[in-house]
1. First check a/c for segment 79-195, with a ≥ b ≥ c the square roots of the eigenvalues of its C-alpha gyration tensor; if it is under 1.5, answer rounded, and if not, answer prolate when a/b is larger than b/c or oblate otherwise.
2. Could you run the Karplus curve 6.51 cos²θ - 1.76 cosθ + 1.60 with θ = phi - 60° over segment 243-254 and give me ³J(HN,Hα) per residue in whole Hz, x for Gly and Pro?
3. Sorted by average packing, counted as other Cβ atoms within 10 angstrom per residue and highest first, what order do 108-118, 257-267, 195-205 take?
4. Using every pair of alpha-carbon atoms in the chain, split the distances into 20 Å bins beginning at 0 and state the percent of pairs per bin, rounded to integers.
5. When the label point is put 7 Å from the Cα of Glu100 along its Cα-to-beta-carbon vector, which residues of segment 62-81 have a backbone N closer than 18 Å?
6. Determine, for Arg309, Arg371, Arg358, the number of other Cβ atoms within 10 Å of each Cβ, and report the residues in order from fewest to most.
7. Give the order of Glu297, Glu107, Glu223, Glu85 when sorted by the count of other beta carbons within 10 angstrom, beginning with the fewest.
8. What aspartates and glutamates does Lys84 reach when the alpha-carbon gap must be under 12 Å and sequence neighbours fewer than 8 apart in one chain are set aside?
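Just so it is clear, none of the values below were taken in a lab; they were calculated from the coordinates. These numbers were taken from a predicted model, which means no experiment stands behind them. Heads up, the Cβs are rebuilt from the backbone with ideal geometry, glycines too, and the neighbour counts pull from every protein chain shown.
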Amino acid sequence: MPSSFSWLDYSVTERRRVLDVVRSLRERDTRDELGVATVRDALSDLLTPGVSTIQTRVRYFLFVPWLYLELETQVRKRAGHITKEWVERRARDGEINLIEHLKQGDELGVIGSSAGRRLQRMPSSVYWNGLHEWGIRLCPWPLDAYHHHLAIAGAPPPSAGASPDAPMPNWHPGLPPAPEHFPEEVNMQLRPEEAEYLRDRILLKHPGSLLGQLLLASPQAAECLWPWDVLTTGVSLSPDAANTLRHAREFSLAMHGAVLIYNLMLAEAAPAKREDWVEKYRALLTDWAEEVTQQAEIFARWDREDFWRTVHRTRPHVPERTRLFVDAWLNRLLSSTSAPDALAEDDSIRDLIDNRERAIKRAQARLHNFRLLEAWNGDTGSGTARMSFRWAQASRHLADIHFGLGPS
């Protein structure tokens, strides 16, 4: 059975708020303490392309190009009398102005709502890669290079790309127009034509992804607490998407044990000598071991060679040391005849984790840095959240698009 909620008389808005809270809890402390982010991100890119863990709401995929199209209009009016610094200043002012207007409403997911004008990372940088992945941003440059290009070469005319000899536009010509009073009167809710546009962009660029296929499914599929719960909802997925999702499920559960043992080792070594921390991670390991045991038949059928082939589709150059570490852990876990949590008492497993931390962090390895170990908080732990492959953000985007599309 999928992990989900039984809704009573909650409104759609209330349902989405509750799910946002649960997803945020799931996403806490997802630091990559043992250096497996290359593998995690490969699976994430296949399942939820264009999505990142620092995105909040899907309408930013429209906010950002709308702001830059207005900036390009200003660039054309100045006819070349601009500098890169002028472009950057105008771009920042536009995004700060958007923040101030979004803060006026009861909106979830406003980037910079607390920092305001002190915000360092603008929404444009958060969504820049995703805009390209979804085919909304047509120019190939990084954000800084785009600013430089506007200052040096100017902006293409509004009719860019209309004829073979015309310059190519920087933004997809089918982008819906900004609302009449943008950004003064704006919220996070998509208009139907905007939801249709984003749906169509994703389906055109990534039709076989989990993200794309769930756009064609019931909105309730996006309410699953874990992405692999979709496999039990009856949603029809392509064999490729379902296979990637199963690999993600097995990898997430298996590697979670290594992270828990790492935290147990920190708790045992911590100068604070807090026995409650040790007990906490032993209890979490017991719970994890029970789930691994329940999934024993699934792990027995897990095609590890196909898993690595899947990973290499988007990350063909996974560091050799990363693969060796992952395989060493998986080999021990899946071949052990003892209860999975017994691995926490295995000196060779502890050496494997210890050596891995030292290899990737060197002098910053907590297990060998007294200052960092002393500052470690065993109540929250380090990287203890299970990998969910950007599902919190992807499911939020799916909910926003489905809501904008209205009843099917």
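1. Oblate, since a/c reaches 1.5 and b/c is not below a/b.
2. Karplus values, whole Hz, x for Gly and Pro: 5, 4, 5, 5, 4, 4, 4, 5, 5, 4, 5, 5.
3. 257-267, 195-205, 108-118
4. P(r) for the chain, in whole percents per bin: 24, 51, 24, 2.
5. What the label zone holds, given the 18 Å backbone N cut-off, is 67-68, 71.
6. So the residues, fewest neighbours to most, are Arg371, Arg309, Arg358.
7. Glu297, Glu85, Glu107, Glu223
8. Qualifying aspartates and glutamates at Cα under 12 Å: Asp144.
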